[in-house]
Structure formats: structure tokens, C-alpha cells
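What follows is one structure encoded as C-alpha cells, with my remarks underneath.
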Amino acid sequence: MNTAVKLEVRDLDLFYGEFQALKKVCFSLADREVAAFIGPSGCGKSTCIRVLNRMNDLIPSCRITGTVTLDGENIYGSMDVTALRSRVGMVFQKPNPFAMSIFDNVAYGPRMQGLRDKVTLSALVEESLKKAALWEEVKDRLKKSALSLSGGQQQRLCIARSIAMEPEVILMDEPTSALDPIATAKIEELIGELKKEYSIIIVTHAMHQAARVSDRTAFFLMGELVEWGNTTDVFTNPRDRRTEDYISGRFG
Amino acid sequence: MNTAVKLEVRDLDLFYGEFQALKKVCFSLADREVAAFIGPSGCGKSTCIRVLNRMNDLIPSCRITGTVTLDGENIYGSMDVTALRSRVGMVFQKPNPFAMSIFDNVAYGPRMQGLRDKVTLSALVEESLKKAALWEEVKDRLKKSALSLSGGQQQRLCIARSIAMEPEVILMDEPTSALDPIATAKIEELIGELKKEYSIIIVTHAMHQAARVSDRTAFFLMGELVEWGNTTDVFTNPRDRRTEDYISGRFG
Amino acid sequence: EGNKETGQGTAQPYTIEVSGSTSVTPLMELFAEEYAKSHSSITVNINGTGSSDGITAANQGTSELGMSSRTLKPEEKGYGLTELIIALDGIAVIVNPSNPVANLSIEQIRDIYAGNITDWSQAGGRAGKIAVVSREPGSGTRGAFEEIIAFKDSLVLGATEFDGTGAIKAEVSRNPNAIGYISLGSADNSIKTVPVENIAASTANVINGTYKISRPFIILYREAKTSSSAKQFMDWMMSPQGQAIAGTSWIAVK
Amino acid sequence: MNRYKTDILFKYLVRGASGIAVVALGAILFFVFFQGAEPFVSATAPGIRLVTEQIDAIEVNGTLYENPSTFIDIPRETRELAIRFSGGGKSRSLDITVDSGETDPDKQLVFETFGSGEISSPESYVYTLTYPGRMAGLEQKIHILLPEPPYSVFRFLGGLDWRPTYNKVYGILPMILGTILTSLGAILLGVPIALLCALFLAEFVPEKPAALIRGGIELLAGIPSVVYGFFGLMVVVPAVKQIFNVPSGNGLLSAVLILGIMILPTVTSIAETSFRAVSGTSREASLALGASKMQTAWHVVLPHARSGVITGIILGISRAVGETMAVILVAGNSAQLIRSPLDSVRTLTATIALEMGYAQGRHSLMLFSVGVVLFIMILLLNSAILYMRRRLEKEAS
Amino acid sequence: MIKPKNIIPKDRKNQRLTDRVLWWIMAGAVALVIGVLGFILAYIAGQALGHLNLGFLLGSASQGGILPMAVTTVYVVAASLILALPVGILTAVFLTEYAGDSRGVRILRLAIETLAGIPSILYGLFGLLVFCRILGFGQSIIAGACTLSIMILPVIIRTTEEAIKTIPDSFREGSLSLGATKFQTIRHVVLPSALPGIVTSAILAMGRVVGESAPVLLTVGIAKNMPRSIFDSGRTLTIQLYYLTKEAINPEDFGIAFATAAVLIILVVIINTATRIISSNFRKKLGGGL
Ligand SMILES: Nc1ncnc2c1ncn2[C@@H]1O[C@H](COP(=O)(O)OP(=O)(O)OP(=O)(O)O)[C@@H](O)[C@H]1O
Ligand SMILES: Nc1ncnc2c1ncn2[C@@H]1O[C@H](COP(=O)(O)OP(=O)(O)OP(=O)(O)O)[C@@H](O)[C@H]1O
Ligand SMILES: [Mg+2]
Ligand SMILES: [Mg+2]
Ligand SMILES: O=P([O-])([O-])[O-]
């Protein structure tokens, strides 16, 4: 495991209007590390990862205090938000490919950055689809609509789309909750592959998944980061009783 | 535990158009017994309980074969469907109170049967709300809209509404999945109370819940009833390897 | 005979539906207004929809009385309707009050409407493209006008066509280069009537036969199906009192 | 009545209502089509008809009619007419041969004897014999009406002349083109502006002001079209006349401007609704890939909403093609093939509304035929666009 | 191995410039639309101001007033709604709650789809032929109302259907699972919840009738008298405006035309506001139920 700090969150408070959704959250993620966020519904997991690529900018009522740094640079400072987002990719709960061809989906990000060259684009798309373990399944129908893919394939397509930007961090918000067990297994495997190159944060409801894929686990409860540590420690030997209760199924 | 058979399902096959959603399902439920249906998403749990009060009649493409008997009488025979539904009540995943007052919600069923007498109705409503452990919380605002209640209260209202019909069986389709832990605990407690008078079938995703509240457990997988037996047996000593895999979190 | 009404003695309300020519409409409105003063139970409902419509309505019985500003066509003659000429009317050629043109010959009018003359300078006005304004096909006024200036169905392309006397008047009053034609009875000082062949368009000249462009105003009805109220109304129109009204802006026939 | 009976009764009630709806809606197509087809399948009358004026009695091929005031119908196959009539104290006779092989209607009758009468042909398919000698209006007249044969559909659709009154020529090509040009112009003018406006409102204007503007635009979508026509006649027509120095401002350009303005609110509000309906997740996905808001709007929101945009355009076209009164007020209404955008034009709808009150006989039926053409145009247009939309949707799923 | 970092252009200046230019073009379009439409409203309002008085509102046509036209309009609107609403609503109930996918249902849907899009003047032709001529009503309020009621039928059916469709199935299931019959479910659960939506649809239809002109001209006629019954012909406000526009000559006429236009616009504002209030309440109410 690499120990260079990639992403650091300090004293993060977040408010939706009057409602405080995150309370003094602190953690830091190293390069090429996978962190899992767990916690009951509404505890602030999604909110927390959306802070990391400033998706919460879209919600007018949302205010934050505290600092978030990427490679030591404050992302809420002078950093251009589109530049940030091409460094910090995101994969959503429900696969959300654009209603375009498979190729165009993957090529979308680079194109928006101004990459027009066909040959380079093709190579990039192929490469990304390969990394997302989707190339073999779609290579003959790159011109087909992305919506014709199955749910699991769509989700891998979304991952490929993200990879095509060569992000440094990939955020995934319950990426498998809409998928069947087989597709879920494929994605989990893929995450195992991806962490060789990227830092990853994955939000999940399934404790087993967190235990299987992550190096670090964060347990949120009502906006608080109750527990943060090595996954094995959190699951076998939690410091906080609430974590233990949650993991053993006493609530949630 | 009472051993008189209340509800019996024999060789139930169910098709949505071409797709077979239930395959040769057989089980029987005794009076005043609680059964839990578990299984991964899409395995047919909801479909199966909707057969029991003929809610599947609403889906034009749905065909069934096999028999379902209530107290020995075939419910798909000459039995009037509205009569059946007043004997087999149902509570849904998302609380669905009508946009009327709390009182009117509970009084709805009896009124539709022709009960007009105010005094009797009031008594019935009070009684039902008491059984649903909601009376104390709402007795001062029976005329208020049911939509002003919290999610957990709404779900208990739906249970009260069901109880007001004095059903013999109550079907509950994931009644707590939209609720927070505290409301969930209340409903679980309530089920413990209700089983003194009614047969209950509860569909749930939460294995803990199944283990806590039920006498019998059914495990469905892709339309098949893989395992059916005493809850303790199913959880501690499943007959089928797939059940074991599911319960131990190896998939789903 | 389907007569639901009674005479004026009993005050049972009755509505006489009249529809047809927009040129006859102003006269009919005057009639109705005056008639209502002495016959409060009778309402005359006037729909100025066009001569052909009036004839059709009378034929099909959808209106009790039809108004036409032209003689019936052969085809319409065969409907077996009774015709009552209630007045005569001239057709005035009109231009914008600011237009200096002082006279037009029938020939010139024909040329303007056929598109052979396109500029006012060719017709004794100041230079400017002529905006030809005409009624729509089927109009009684247009029919009579075309018949009188010996010009049939060959209106210059590009003319502005409007339905109704009022619309023509309004268009000409708004546009300094426009020429149009309307019922003489509807002419007023918002527009200027142009003398034709040096004869001013006036009722007097129509009566003495020097102003040639004229046509009858006709009421059509089906004898057997007409109520006595409607008949009384028509009798009143033809009475000295009614004809005096017709004589104000039109030409009385009695 | 018990609740089960009510239940069943209600079922029949809603079925009955739906039946009425089908019948009512179907009747429209049936009646309009039925009338509209008539000029093309049957002649105006089975045979020759006579109409007389100031004639007391008339004998046609041996049959006597006294004081005739309605049509005298001659059997279809009759080729020789021997007519004897009296009136005003005189008796006259008239012999006519019908040459049904002759195509020019003005030459179809050969008059063998017609006494002192004068033959005129006031309009196509009509001969009038006038016997002078009495004061005008009391002259004896016999009108001979020839049946007009079924009209050719091609002459109707492809004809350049619309001269319904005397010549009985019914060519509607100029009106078809008029309708196409005015609508096309309105669409080219209105749709791009409306789409830009809608996209901006949906993507860049904060919710509060956007709601306000949206309210205003919806209001304008509901304003009666006559009000737009009124505005056009008051403001647009004089402005066009002034700016281009033409005899009359009524014409294609004014019509296009007014229709363009009229479809703005319709297209804007539908397009905006569909832009807003594009799922937030697509928008988020694009932003999360580092695209700017503008790029997201153009490359994700716009294409994802195309089905709604197409609906908006269809409605815009329908409104433009179907608009009647506003167009009448500003278009000039001359049934000509235009040569310049300032020329007077007439649309199909205007033809119907202008002439319905004045039309009679076949002319009136022809207006129904114009209605049928209008209906078919709209239908073709809608199905073409719907087909396009369906293909887009298929591609997308 | 490709390194996207090296191939993806990093310079965003061009992009920012394009974004800005597009922003201004689009903002310009909005300004244009608001400007043009605002100008129309302001122009009409400005010119109408001096003429909107009681004499105008309550006078007869010969006094330059619009009372008979307003009354005719009310008659036409009321009669068309009375005719169309029951059929429309029941048909919508049939389509949403009862209809399967039989041939008849497909024909009905096709008819509604087709007729929703055809120009209103075709309804006028139909009404003229069937109601005025064949059924012998002549040009009259009743003929117009029959015609317009058919014209708004697709509008009512579609909007009511939409309203009924927004009622979640969970309400129906809740009611049925309590042993209520289908009619009871519709009567006590579906229709009350859909009511605001249905009212909205009625108001929309009303707006359509108020603003309609061509079919009204053909079927109701243009008689300026105060109608005595629905069998009389009459002139609606839009037709009055059409004639005033066409025939206005002196400033007085223009004033009256502007004032009539203003009255029509005010009517539309009232109708829109009512629709808005009702449907937003509807949404709130349902929002609570979901
Ligand atoms: N846009 C918003 N405006 C106001 N409150 C919000 C908004 N989004 C989320 N919240 C609130 O913030 C809290 C945290 O929400 P969040 O979506 O982060 O939870 P979560 O842990 O992702 O839950 P889940 O497991 O259901 O996805 C919740 O109480 C939620 O109601
Ligand atoms: N109306 C329907 N028409 C066709 N297929 C259906 C229909 N309803 C359900 N199905 C299919 O039947 C299968 C069983 O569905 P069911 O809703 O019973 O699953 P479930 O076990 O309740 O799942 P969940 O836990 O997600 O509620 C699924 O594959 C589903 O896609
Ligand atoms: Mg979340
Ligand atoms: Mg389910
Ligand atoms: O309206 P007209 O008198 O011209 O038929």
C-alpha cells in the first residue's frame, strides 16, 4: 500500500439550508487505496463523496466549511471545477450512460476537453473499455446505443467513461446496488483491478462488499464519521459500539 | 403454536406473459403463525404474496395454475374477490395511506362494506388503532390528514386500516424497508403482538428481521421456493446449499 | 305552417334569424333597430356572413330570411325562394382620402383590377404602386362589381382579398395607395368615393341612371315556411316608414 | 342498489362514454371526407336542369310544368330537347340538341330554334336564354344548367387557378404552397429562437426567475390567436409596408412574422419542460466528466430531450398550419404563386374561412375538399415526424 | 499504453470563450422572446387603457360595448363544457382504469391522437355541416357548443388521463386490498385525488374554447344581438375582435378593438392563474402522499 496522501478532508461541515448533513468529517486517503463508506440510509455517505468532486455545487442550498485537498491543493480554492472533475471521476448508483452510442459515451469526456483526433480517440476508447473489462463484450457493436447494454454492462461502461479521462481518484456511489449478483461480482473484481492505478472511494450498503473490496472503511452515522480505519480492524474490532451494533445487524 | 392450516398453496406456477415468475411453489401456513419470505431481489417474493389476495388479478398478462386455499376453500374458484380481500389484508412496502383524515383511512374498508353507523365505526377505528399501537399518538388528531404522519406512523396506520377489516391473514410486503430503525423496531414489536390473533406473512430483505419476527421462513430463488421450514432451522441448519450461501452473504 | 309565433298583439318573444350579405347588413340593422321600437317582443338576429350564405341559409331553412346583395344566379333561382327587393344600392369605387385621383373610367377600373395598370400615375394619381383590394369570390358585391365592369374572375394576382364590406373600407382607409369597392350605402368619410366616368357615386345619380354601377338588395325566404312575424317585418320594410330608412343611404324601391 | 351492481353499471357507463367519444370523433372524419370526396366522384347533377323566370307554363319533351319555381330536371340520357313555353301572353318554342361528346362545356348545346331569344353564358356550364321585350327584371329567361362532370383530383391539387365563381376552376396549388411557405417560414423563424430560449431557461436561469418567465410564456401560449392577428395588422403590416416600401404590407412576410411569434411560446414551453425532464443523472454524469455547463446543455441535455423537442415542433407546426383568422388578417389572401416574400399569399385555412360563407354548390363542397387536403397534410407531417421520433427513440433504447 | 493526460488538450481558454459566446446568444434569444411578447402585451394594454370602462364592458354592440359578446362567450363555453366534460372524463376513466389493449381501445386512442392535432377549422367545417345544416340548428350557440365540445374532447381526455395516471397504483391497491370494489376505488380514492387535475383539464379546455375563432365563426355566427337562448346565433369575443380588427377605421374603433383584446388577455390570465394554483395544490397534495 502506498502512503502518499492523495485526498485529505479536514473538519468538513456541510449544511443543506439549516440542516447539517456532515459534521466535522476528517479523513485522508492515500494513492491507490480503496476506501468503503458504510452507514444506514441518510447518514451522509453520498453527500460526503459528492463534496470531493464538487458535485454539491449544483445544490443551491448547500454550504460547506472545512478544507478538502487533492495532492495538497485546496479544491474549493482557485482550482477550476471542470479541471477538478476530470481529475476526480464519479460513478453513480444507477448506471447512467448517455443515450448515445457506446463509443460516444466513452469518447464524451475527452471530446469535451477538445480532443478531436479520430485515431487517438479510438485508441483511447479501446483502452478504457479494456480496463473496464468491457471491451470483449462490446467491441463489435461500438456504434450501438449504450442503452441496449445490460445493467451490469452499463455500469462498466460508466466506469470506462470515467477512466477515459484518466482521473486520479474514482468515486463510486453504491455502484452495484442496482445490479444482479453476477454483475456485482464482475464490478467487484474490476475494482480490484482498478486500484492498481487509481484511488477509489466506494459507497455501499452491503457490508460484505465493503469487507471484500476495501482497504479502509468509514462508518457514518447521522452525518458523523463515527469510525475510520483499516477495513479488517473496523469489521473485526470496531472502536465504537455503534459501529459494532450496525455491523452485527442490530439496526439499519 | 396452532396447527390448523389456514392457507395452503399447491403447485403454484405463475407467468407474466412468457416469463415464469413462480415455479411449483408449495407451502401451507397455520393459523396465528408468522412466515417470512426472503430471497434476492426479483426472486418472486412479492409476486407470491400478491397471489394470496389476488392482487395479481390487476396485471393483465399474469396467468396462474395450481391451487390456493383459504380455510380449505379455493380462492381462485367461486370466491368473490372483494370478499377474499377483506379476509386477507395487505400492507405495502411504501406506506400508502389515502389522502383523507386518519379516521377516514381506518374507516374506509368497513364503510365500503356498507357500515354506516357512526358509533360502531368510531369504536372500530379506536380498537384498530389501539391494536396497531397508534392510538396514543393520534387520538387527538383523528380528523387531521393521514399524510401529516411520519413514515412509521403511516405504516402503522396502514396496518390499522387492514385490521379494521378483521382479516384472517395479513400480508406485508417489505413493510419496514422505507422506515428508519426506530420505526422498524416498533413495527416488529407490533407484529409480535398481532400474531396472537392473525396469520401473517412478511416479505423482507433483512435477514435479521426474518430471524427475529417469524416462526417459519421461506427462501425464494429465481421463482423457486428453495427452502421452507422453521425459522431457526432455516437460519442455523439450512437444507439447501443455496440458502446457506445467501444467508451467509455470499451473494445478493 | 311551423309558425310558432303570434302577431304583435300578444307579446310572445320571437327571434327572426336573418343572415347573408354584409352589404345589406347595415341597412338591416337600421331596420331592426327601428322595428324594435314598435315591436318589443321581436328580436331580429342579423348575421352578416355573405350573400351566398344568406341564399343557402334561406334555402336550407337555417335562417328564416336571407339577404343578398346580388341577383340570384341561375342555379340559385332553382331553389324556389321568394325574392323581395328592399332597396337598390350603388357600388362605390373607393380610395384613401389622401389620394388625389379625381375620376376613373370603367376601362381604367377594369385595367387596375386586371393588373394592366399598376401605378397610380397611369390613372391620374400621384406616382405610387396601386394596392388592389378586393372582396373574396362569392361576395355579392364582387359579383355585381365584376359584372358591371365586365370583368369576370380575372382579378389580378397579388390583390389583397378580404371578406366583408367593413374590412375593405378599413383596409383602404389605412393604406394611401389602396383601391377598393364597397356598397355605396356604407361609404363614409373614412374613405373617398371616386367618380366613375365623371359621374359622382351618389344615390341621386344611381336613381337618374347616370351612375351605372348598381345592384339590388334582396330578401329571400321560403314562402310556405315563413312566420307571420317575419312577414310582418318584411311588410314593414316595404312600408313608407321602412322605405324612408332605405332612402337614407341607399335607394328606396317604393 | 348494492355495490356490486353499481360496480357493473359504472363499467358500462364508462364504456358508453368511450363509445360516444369514438363516434363523435369518427363522425368528423367521415362527414368531412364524405363531403370532400363528392366533387371528384360525382357530377353536380344527374342531367341537364332548367330554371325559368317569368314563365307561366313550360312543356319539355311533352311534360308540362306550370309556374315552375324550382329546377326542371331532364333525364340523363335525353339528347334532344323540345321546349314550348308561354308567359306574358306569348308562346314560344325552342329546340336544342345535346352533344355530350363535346368537351368544351360552352359548345355542348346546339340551339336549333330559339326564336327571338338571346343566348348568353354567364358562367361555365350555364346558358341563359333571354327573351327581351319587357322591362329589365321581368324578362322571360330560361337558364339551362349542364351537369359539371366529376372534377379531376390532379387539376384540383395541381391547378394554379382558383376561380370558383364564374369559371368554376378549382386549383389549390397556390394555397398548398401558401400554407407550406407560411408554416415553414414560421418554423424556421420561431423554432431556433424558441429552442435557444428554452435551453437557456432550463439550464442557466435560477429557478425563481425562470418560473416567472415560464409563467409569462405559458400565458402567451394561451392568448387567442386573433389577438396576435390584431397585433399583426396594427403593427407588423404597416411596418412591413413602410420598411420595404410596397403597396401593401399584407403578405407572406407579415404572415411568417406573426406565425413565428405565435409559435414561440408553444415551442418554448414544451421544449423547456422536456429539457427539465432530462434526468439529473445524465447532467451529473456529464459534469462529473469535466464538461462545462454549456457543454452539458448542448451535448447532453439537448440530444436527450429531442423527443420532447420534436413534440414541441409538431405542435408548433400544427399551430402554424392550422391557424386561420390571424393569417387572414395579415396575409393578403391572394391565391397566387408568389414571386417575392412580400407578395400576398393565401393559405388553405384562409380559403375555407373566407369563402365558406359565400360559397354555393360545388364551390362549397370544394372547400370541404380543401379541408380534407389540410387534414391529410397534417397527418402526413405528423406521421413523418412521429416516425422520425420513433426511430430516434429506438436508436436510443 | 495511451496516457490520456498527454493527449487530452489542457487549454480551456477556447472552451471558455465558446461557452461565453453561446451564453450571450441564448440570453439574447430569451431577451428577444420576452421583449417581443412583452411589447405585444404592453402595446395592447397601453392602447386599451382609456377604453376599458363600465360602458364598454356592459354596453351593447351598437353602444360600442361587449356585453352581448361576453354573454355569448359564456354560453358557448358553459355549453361546450357541459357537453364535453362528462364524456371526456368518463372516457379517460375508461382508458386508464378499464381498457385493456383491445382493438376498440386502439381505435379510440388513434382517434384521440389524430384529432388532437388537426386544425380547428376542420371541426368548424364538420360542425357547419352536421350541426348547422344536417341537424338544422343553423348557426347558433348550441351548434357551436356541440362542435367545440368535440374539439376539446381530446384535450379533456388526455389531460384527465394524465391526472389519473399520476395517482400511484399504491392507492388503488390499498383500496382494493381492503375489499373495496373497483367503482368504490375509483369513486372514493382515484377521482378525489385526481380532481384538481381534472379541474385543470376543464380550465384548459375552457381556455381553448375562449380563444377559438375559426370554428366559432362557422358555427356560432356573428350576430351582434344579446342571445336569448342557446338556439340563437351570436358573436363571441374573439370573433368580435376579429371583426373589429378587420373593420376598424377611426380611432374610436381601434380603441374598442384594443380594449376587447385586453379583455381576452385578462381572461387568459385568469384562466392560467386558476390552472396554476389548482395544479400546484395538486402537486403539493400528491407530494405529501408519495
Ligand atoms: N439536496 C438536499 N437538500 C436537503 N437535504 C438533503 C439533500 N440531499 C440530501 N439531503 C439530506 O442529507 C442527509 C444525507 O443524505 P445522503 O444522500 O448523503 O445520505 P446517504 O447516506 O447517501 O443515504 P442513502 O444510503 O439513502 O443513499 C439526508 O438526511 C438527506 O435527507
Ligand atoms: N407486472 C409484471 N410483469 C412482468 N414481469 C413482472 C411483473 N412484476 C414482476 N415481474 C417479474 O417477476 C419477477 C419477480 O418479481 P417480484 O416483484 O415478485 O420480485 P421480488 O422478489 O418481490 O423482488 P424485490 O425484492 O425487488 O421486491 C421479477 O423478475 C420481475 O421482473
Ligand atoms: Mg446515497
Ligand atoms: Mg418485491
Ligand atoms: O357581403 P356581400 O354583400 O358582398 O355579399
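Quick notes on this structure:
- Residue match in the stretch D:165-173 (condition: assigned to a strand (DSSP E or B) and within 23 Å of the chain's Cα centre (by Cα)): yes
- All positions within the stretch C:162-201 that are in contact with a helix residue (DSSP H, G or I) (Cβ under 7 Å, 6 or more places away or on another chain), within 14 Å of chain E (Cβ to nearest Cβ) and without any contact (Cβ under 8 Å) to a residue 40 or more places away in the chain: C:PHE162, C:ALA167, C:ALA170
Matching residues to (1) more than 16 Å from ligand 4 (Cβ to nearest atom); (2) in contact (Cβ under 8 Å) with a residue 24 or more places away in the chain; (3) in contact with a Cys (Cβ under 9 Å, 6 or more places away or on another chain):
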position	(1), (2), (3)
A:GLU18	yes, no, no
A:LYS24	yes, yes, no
A:ARG32	yes, yes, no
A:PHE37	yes, yes, yes
A:GLY44	yes, yes, no
A:SER61	yes, yes, no
A:THR67	yes, yes, no
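- Pairs, first farther than 23 Å from D:SER100 by Cβ and away from chain C (no Cβ under 13 Å) in the stretch D:46-67, second surrounded by fewer than 17 Cβ atoms within 10 Å (Cβ to Cβ) and among the polar types (S, T, N, Q), C-beta under 7 Å, six or more apart: D:ASP56/D:ASN67; D:ASP56/D:SER86; D:ALA57/D:SER86
- Residue check: D:SER120 meets all listed conditions (1) open to solvent by 20 Å² or more (accessible area, probe 1.4 Å); (2) hydroxyl-bearing (Ser, Thr, Tyr); (3) in contact (Cβ under 8 Å) with a residue 12 or more places away in the chain but one, namely (3).
- Scanning the stretch B:1-57 for residues that are within 14 Å of chain E (Cβ to nearest Cβ), more than 8 Å from ligand 2 (Cβ to nearest atom) and under 24 Å from A:PRO181 (Cβ atoms) returns a single hit, B:ILE49.
- Hits in the stretch B:221-252 (condition: under 27 Å from A:ARG212 (Cα atoms) and assigned to a loop (DSSP other than H, G, I, E, B)): B:MET222, B:ASN237, B:PRO238, B:ARG239, B:ASP240, B:SER248, B:GLY249, B:ARG250, B:PHE251, B:GLY252
- Matching residues in the stretch D:131-157 - criterion: being without any contact (Cβ under 8 Å) to a residue 60 or more places away in the chain and either of a type in the set (Phe, Trp, Tyr) or open to solvent by less than 40 Å² (accessible area, probe 1.4 Å) (or both): D:TYR131, D:PHE154
- The residues of the stretch D:293-304 that are within 7 Å of chain A (Cβ to nearest Cβ) and either within 16 Å of A:MET90 (Cβ to Cβ) or touching a residue at least 40 places away in the same chain (Cβ under 8 Å) (or both) amount to a single one, D:VAL300.
- If you go through the stretch A:107-129 and pick out every residue that is closer than 26 Å to A:SER177 by Cβ and either open to solvent by 20 Å² or more (accessible area, probe 1.4 Å) or facing chain D (nearest Cβ under 10 Å) (or both), you end up with 2.
- Among the residues of the stretch D:306-340, those identified as modelled with pLDDT under 90, assigned to a loop (DSSP other than H, G, I, E, B) and more than 7 Å from every other protein chain (Cβ to nearest Cβ) are D:ALA335, D:LEU337, D:ILE338, D:ARG339, D:SER340.
- Flag if E:VAL74 is crowded, with 21+ Cβ neighbours inside 10 Å and not in a loop (DSSP other than H, G, I, E, B): no
- Verdict on A:ALA185 being away from ligand 3 (no atom under 16 Å from the Cβ), of a type in the set (Gly, Ala, Ser) and within 14 Å of chain E (Cβ to nearest Cβ): no
- A:THR69 being at pLDDT 90 or above, among the polar types (S, T, N, Q) and either crowded, with 22+ Cβ neighbours inside 10 Å or away from ligand 3 (no atom under 16 Å from the Cβ) (or both): yes
- Taking every residue in the stretch D:203-219 that is within 9 Å of chain E (Cβ to nearest Cβ) and farther than 17 Å from E:ALA27 by Cβ and pairing it with any residue that is open to solvent by 30 Å² or more (accessible area, probe 1.4 Å) and among the basic types (Lys, Arg), at least 6 positions away or on another chain, the pairs with Cβ-Cβ distances below 9 Å are D:GLY215/E:ARG276; D:GLU218/E:ARG276.
- Within the stretch C:216-254, considering residues that are of a type in the set (Gly, Ala, Ser) and open to solvent by less than 10 Å² (accessible area, probe 1.4 Å), the one nearest to C:GLU33 (Cα to Cα): C:GLY242
- Failed item, numbered, when E:ALA27 is tested on (1) modelled with pLDDT of 90 or more; (2) surrounded by fewer than 15 Cβ atoms within 10 Å (Cβ to Cβ): (2)
- Residue in the stretch A:69-83 that is more than 12 Å from ligand 1 (Cβ to nearest atom), of a type in the set (S, T, N, Q) and under 15 Å from the mean Cα position of the chain (by Cα) present: no
- Helices (runs of 4 or more DSSP H) within the stretch E:191-270 that include 2 or more residues among the polar types (S, T, N, Q) and more than 14 Å from chain C (Cβ to nearest Cβ): E:191-211
- Residue among E:LEU122, E:LEU108, E:LEU148 that is within 7 Å of chain D (Cβ to nearest Cβ), within 30 Å of E:ILE222 (Cβ to Cβ) and either open to solvent by less than 30 Å² (accessible area, probe 1.4 Å) or at pLDDT below 85 (or both): E:LEU122
- Any chance D:ASN250 is without any contact (Cβ under 8 Å) to a residue 12 or more places away in the chain, polar (S, T, N, Q) and away from chain E (no Cβ under 11 Å): no
- Matching residues in the stretch E:4-24 - criterion: being more than 8 Å from every other protein chain (Cβ to nearest Cβ) and modelled with pLDDT of 90 or more: E:ARG20, E:VAL21, E:TRP24
- Scanning the stretch C:30-48 for residues that are more than 8 Å from chain E (Cβ to nearest Cβ) and either closer than 24 Å to C:GLY180 by Cα or within 16 Å of ligand 2 (Cβ to nearest atom) (or both) yields nothing.
- D:SER225 falls short of the stated requirement of being surrounded by fewer than 24 Cβ atoms within 10 Å (Cβ to Cβ) and in contact (Cβ under 8 Å) with a residue 24 or more places away in the chain.
- Residues of the stretch B:87-97 satisfying the condition of being modelled with pLDDT under 90 and either away from ligand 4 (no atom under 16 Å from the Cβ) or open to solvent by 40 Å² or more (accessible area, probe 1.4 Å) (or both): B:GLN93, B:LYS94
- Residues in the stretch A:197-214 that are farther than 17 Å from A:LEU52 by Cβ and open to solvent by 10 Å² or more (accessible area, probe 1.4 Å) were compared, and the one that is nearest to ligand 3 (Cβ to nearest atom) is A:HIS205.
The values are calculated or read from the model by the stated rules, or taken from the named source; none is laboratory data. Owing to the predicted nature of the structure, the values given are computational and were not obtained by experimental measurement. Heads up, the Cβs are rebuilt from the backbone with ideal geometry, glycines too, and the neighbour counts pull from every protein chain shown. Surface areas here come from the heavy atoms of the whole protein model, side chains and all, with no ligands, DNA or RNA. Shrake-Rupley method; radii C 1.70, N 1.55, O 1.52, S 1.80 Å.
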